[in-house]
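Notes to accompany the following structure.
The values are calculated or read from the model by the stated rules, or taken from the named source; none is laboratory data. None of these values were measured; they are calculated from a predicted model. Glycine also receives a Cβ, built like all others from the backbone with ideal geometry; neighbour counts cover every protein chain displayed. The protein model used for the area step is the full one, side chains on, heavy atoms only, and it has no ligands, DNA or RNA in it. Shrake-Rupley method; radii C 1.70, N 1.55, O 1.52, S 1.80 Å.
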Amino acid sequence: MHYRELLLFLFKKLEHERSVNAVFHLLKGKKSAQTLQDAYLFQIENFYGIDRKLKKSTFDVYVRELTEKRLVRVENDQAIVTKQGNQILRGRSFQSYYQIKGHKYHQIDREFKQGLILLIQTVSMLIHGENKFIPIVDQSYIQSRVREVLRDYSMQFDKIAEQLYGELHTVLSTIDEHLATVLLKQCSGYARVGMSEQQIAVEENRNKEDLHLQTVAAIHNILDTISEQPEKYTLLTRLILKKTNRLTVSAQETFNFYQAGHTLEEIASIRQLKISTIQDHFVEIATHKKVFNIYSFISEQDLNEIQEAIQNTSTRKLKPIKEQLREEIDYFHIRLAIANMNDDKE
Amino acid sequence: MNSAISNDIDQSLISLFGFKQFRAGQREIIESIRSGNHTLATLPTGSGKSICYQLPALIGEGMTVVVSPLISLMVDQVKLLKAQGIKRVASLNSMMNAKQKSAVINRLDTYKLLYCSPEMLQQERVQLALSNKTIDFFVIDEAHCISQWGHEFRPDFLRLRDVVKKLNNPTVLALSATATPSIRQDIIKQLKLPMTELVYPIDRPNITFSVDEVTPNNKDERLIDLIEQKNIPTMIYFSSRKVSEAVYRLLQSKFPEREVAYYHGGMEQDERLLIQQQFMNNQLDIICCTSAFGMGVNKSNIRLVIHYHMPSTIESFIQEVGRAGRDGKQSVSILLYAPGDEYLPFQLIQTELPTEDEVNLFLNENMNGQPEDYLNETKMRFLELQKEQHQKTQKSEQAKRIIQYRNDRERIKQQSIFKLVDWIKADTCRRVGLFSHFQPDVSNAKYECCDCCDFRLEEWRNTPETYQKKNKPLRDNWEALLGELLMKG
């Protein structure tokens with residue numbers, strides 16, 4: 001799987017609509033209302049936040065390469081996919097690329113991977129009687145989670161090793177063999193220190209970013225399986241560090257006022273912000289919060305009409321939808337309706 | 001000497017660190033501070049400097065505060081101690097967030113050893129919390145940073161003498177691996193304390209020195225020739241991250257059967273940790289790195305240290321070469337020098353020190369835009385600290401003073417480079433040239449001495465050498481990998 005092709009696909013999705021940098025923000029998982037909404041609007045939410053450490057300079061190198069290979073043309077800061085570019089994309093679906101689910105897992109995948117790596121290292125060391133070693137993961141909250149897990153098992157290392165082996169064997173059997181190998185090569189244990197993504201990339205003659213995609217895919221596949229049957233993967237499930245709040249700080253504040261009984265207009269005046277900004281917040285809230293009642297902003301009938309219009313135009317671009325609707329239904333309503341379609345709320 | 005105390009520390013050396021014997025200097029330094037003498041000590045890198053304060057700290061009644069300019073070094077030390085099962089240690093530095101800092105400050109009672117950055121020690125909250133505790137020892141690591149004559153002068157180190165007072169005058173231990181006699185004098189003067197000086201030679205008799213003069217165009221070729229014959233654990237130092245990666249790629253392609261890696265400060269923390277551990281675990285043959293690598297790295301069997309670029313000072317050269325041959329066996333240092341190489345460190349000074357215009361712009365409050373937009377981090381830090389230091393100076397004088405200071409620093413840094421260039425171009429004994437700045441006598445080489453005495457690089461280069469590797473081949477199948485990780489035997 002190639003990063004380059006993924007970028008090409010994403011540029012195609014945002015063609016004529018958004019700037020080149022929108023793709024960068026998407027991959028980085030920028031916590032802005034715009035980026036989040038675009039992800040759903042253009043149905044590329046699977047790739048939201050899948051490369052949170054992406055550097056702008058790296059991204060720019062890829063864009064330059066795509067341009068030099070004449071797969072993409074940059075005009076007015078927008079990327080247009082050329083004929084050759086379209087040929088590469090033809091007949092291939094990237095929508096569910098290796099079942100990566102950025103929107104769902106971007107806040108927990110890195111921590112899960114690190115927790116897994118540290119647990120494997122610790123258990124591997126302990127079953128070999130090595131109790132003094134330098135943890136390969138630095139973050140103290142991950143270290144304390146692993147410590148908790150060990151304590152839950154009353155430090156019976158052999159038992160943990162057996163169960164960890166069992167659960168990993170079962171879950172890795174369900175995913176692509178190559179992805180499983182890539183992930184395990186990054187793990188450290190008694191016999192050896194794991195490899196970095198960069199080192200595996202050299203071995204396989206690929207780009208470092210390609211390897212990152214493979215790792216993310218492996219982790220997301222594992223998370224999919226274990227969250228379907230958590231009772232079967234009790235040890236691995238313990239490594240999921242729940243982060244519940246997906247709202248930006250400012251949207252959270254708006255939500256707090258809303259829950260305290262204030263109207264949209266009141267919140268705007270209290271917070272000294274523009275109405276449109278507060279509307280952005282509500283779209284974000286509607287995207288992520290199950291408890292949010294959309295009907296306080298839109299009638300059931302209007303919502304149905306908008307949903308119909310979306311079906312009819314088979315697009316998520318706002319303008320063609322708006323053109324089909326009554327004058328009274330404004331862009332805010334349409335955006336709320338689209339946000340409401342997200343089925344992954346908390 | 002009181003034998004009860006000696007026994008005490010001998011026992012602790014075994015129980016805490018697992019060593020049966022003290023290395024040169026350790027016992028004397030420990031006994032000196034345990035008898036309450038303020039002490040200034042120089043010991044070579046890799047000779048167990050840190051045990052000199054870690055041991056007394058752990059067996060003392062109160063607590064020990066260690067100040068170090070290198071945050072990564074402090075973090076590494078804490079990690080190493082924890083890995084050894086010594087848990088009552090913590091660090092306090094600007095890389096931590098507010099919550100993490102408070103957690104440490106609120107739990108001061110639970111620590112025996114606290115590593116602290118000089119900035120953090122300036123904070124009133126920290127000073128107040130510490131002044132309520134019994135501080136046995138106050139340790140200043142890299143103490144040469146106190147001296148203005150030093151190449152690494154840190155103005156915030158000058159304020160340490162006030163901190164010592166505020167902490168009710170604990171016994172001070174100032175440590176350095178690279179302090180010339182004049183810098184040692186200056187340290188004592190700046191701290192305004194009567195100090196016992198314990199000076200141990202920093203030369204390493206088992207390292208052979210050589211300078212290889214090349215042309216800019218055949219540097220890579222010479223490097224490849226060398227690596228080809230010498231399949232031994234090797235470090236290659238660079239001043240540029242970019243070049244370290246480029247040469248890494250070159251070596252990778254030329255020697256696919258060797259394990260080569262690169263390491264520099266621009267990499268992600270996770271990746272750095274992996275590479276460092278691979279190196280320690282003998283999984284790598286060659287590492288291409290910048291000076292960011294090596295702190296806290298105590299690998300015993302490094303046989304060859306190559307400098308692809310010359311460093312900026314004799315002191316950092318000695319430090320970097322000092323990573324070789326910690327096991328006491330013969331090791332070789334080779335500095336590849338092409339005429340004009342000194343241009344790079346000279347240029348580096350200009351990226352570290354603000355220009356006169358930049359000083360003026362920074363001080364001018366009416367200008368548009370943020371200074372961060374046109375100044376790099378090092379220059380920003382330099383100017384912010386200077387501005388703070390000259391708070392009480394008249395506005396009209398400020399710029400003049402800061403520029404004066406800037407020019408002084410530039411001159412000292414340039415002189416450091418010239419000193420190293422002189423050493424490179426000299427035709428007299430390399431060991432004497434390097435170490436006589438620091439100590440009156442330089443001991444004889446245990447093996448060959450240097451290219452100016454008895455070492456013939458060409459001859460050595462053409463003698464193939466290889467070493468026994470522990471590497472097991474990595475399986476390419478996930479089930480085998482999983483078994484290797486989680487099954488015994």
Residues of the range B:75-104 with accessible area at least 50 Å² lower in the all-protein-chain context than alone (1.4 Å probe)?
B:Lys79, B:Ala83
Those aspartates and glutamates that a straight Cα-Cα span of less than 16 Å connects to A:Lys319, excepting residues fewer than 8 apart in one chain
A:Glu15, A:Glu17, A:Asp38, A:Glu305, A:Glu308, A:Glu327, A:Glu328, A:Asp330
For the residue pair A:Glu130 and A:Asn304, what label-to-label distance in nm results when each label sits 7 Å from Cα along the Cα-to-beta-carbon direction?
6.7
Chain A: calculated mean residue ellipticity at 222 nm from DSSP helix runs of at least 4, using -39500 (n - 2.57)
-18000 deg cm²/dmol
Per residue of B:275-286, how many C-beta atoms from partner chains lie within 10 Å of its own C-beta, taken as a mean?
3
With runs of 4+ DSSP H residues as the only contributors, calculate the mean residue ellipticity of chain B at 222 nm using -39,500 (n - 2.57) per run, divided by the residue total and rounded to the nearest 500.
-13000 deg cm²/dmol
Total charge dipole magnitude, chain A, about the Cα centre, Cβ charges on Lys, Arg, Asp, Glu only, Debye to nearest 20:
860
Per-residue average of other protein chain Cβ atoms inside 10 Å, peptide A:192-204 -> 6
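Quick one: of A:Lys13/A:Lys55; B:Lys387/B:Lys413; A:Lys30/A:Lys159; A:Lys104/B:Lys99; B:Lys299/B:Lys446, which pairs are farther than 31 Å apart, Cα to Cα? Don't jump to the answer; show the numbers that get you there.
On the way: A:Lys13/A:Lys55 22 Å; B:Lys387/B:Lys413 21 Å; A:Lys30/A:Lys159 41 Å; A:Lys104/B:Lys99 28 Å; B:Lys299/B:Lys446 20 Å.
Too far apart for the 31 Å limit: A:Lys30/A:Lys159.
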Whole-Hz ³J(HN,Hα) from phi, Karplus 6.51 cos²θ - 1.76 cosθ + 1.60, for the range A:154-168, glycine and proline x:
6, 6, 7, 5, 4, 5, 5, 4, 5, 5, 4, 4, x, 5, 5
Hey, got the average number of other protein chain Cβ atoms within 10 angstrom for residues in A:121-134?
3
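Going by average Cβ density within 10 Å per residue, which order do the peptides A:140-147, B:439-446 take, highest to lowest? Walk me through the numbers before you get to the answer.
Values: A:140-147: 16.0, B:439-446: 14.0.
Answer by packing, highest mean first, reads A:140-147, B:439-446.
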Which whole-number value in Å² is the accessible area per residue of chain A, probe 1.4 Å?
46
